[in-house]
């Protein structure tokens, strides 16, 4: 059995990179794109996987992993079922937080902001770009709803696949995209002896970005 002592002894010193004032870009969205490209070029596993935290109706947080599908000047785009737990939570609370962790680069990025739906045209265009089975799956899965067993999903998938043999496959009306528009973005680079480099960007009243170094 794994003991708490053994768990507490798990540690890694970060010595791969440094990140200081001479490296940082003045626009955090450009800085994010720079780091994101480095993650892709370094073949980080699932570089676009981000932890998304939303708020339940009672104010308690709820988190899960979603996939980043676009970087716009104003924010970060992802897609989901509007009737899912996160979709319902976002309908009540527009505030959300996201986290990217790229262990291969010893980096993380923390984002806080507000979320809104993107246009139907943008959602249609992305949906049409998905693999056929993924499009059918969006119709087949009542995301976050209780189901009796896996056979329910498989039967739904088979039913919709048959339907779309003769009917044009369109985006479900309850499925589409959101954009997380950040009010703050923090870049974290692991360093030796836990003396990590942290820079927090925040929006000013003039919508300009400013940053400050944070103690680790």
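Every read-out reported here was derived from the displayed coordinates using simple, explicitly stated rules and does not represent laboratory data. Keep in mind that this is a model prediction, so the values were computed, not measured. Positions of Cβ are backbone-derived with ideal geometry, glycine not excepted, and every protein chain shown enters the neighbour counts.
Given the alternatives [x] 13.5; [y] 16.2; [z] 22.9, mean projected area of the Cα convex hull in nm² as computed for this entry is given by [y]. When only alpha carbons of segment 31-110 are considered, Rg and Dmax amount to 13.6, 41 Å.
For the chain, modelled as a GNM whose springs connect Cα atoms under 10 angstrom apart, the maximal fluctuation among 195, 67, 90 occurs at 195. Between residue 57 and residue 202, residue separation times 0.36 nm minus the direct Cα-Cα distance comes to 49.5 nm. Between segment 1-16 and segment 175-197, the C-alpha centres lie 23 angstrom from each other. Helix 28-41 axis versus longest C-alpha principal axis of the chain: approximately 80°, rounded to the nearest ten.
Approximating the spin labels as points 7 Å out from Cα along Cα→Cβ, the residue 173-to-residue 40 distance works out to 3.6 nm.
The distance linking segment 42-61 with segment 141-161 is 24 Å (Cα centroid to Cα centroid, whole angstrom).
How high is the FRET efficiency between residue 2 and residue 49 when r is their beta carbon distance and R₀ equals 30 Å, given to the nearest 0.05?
Calculated value: 0.70.
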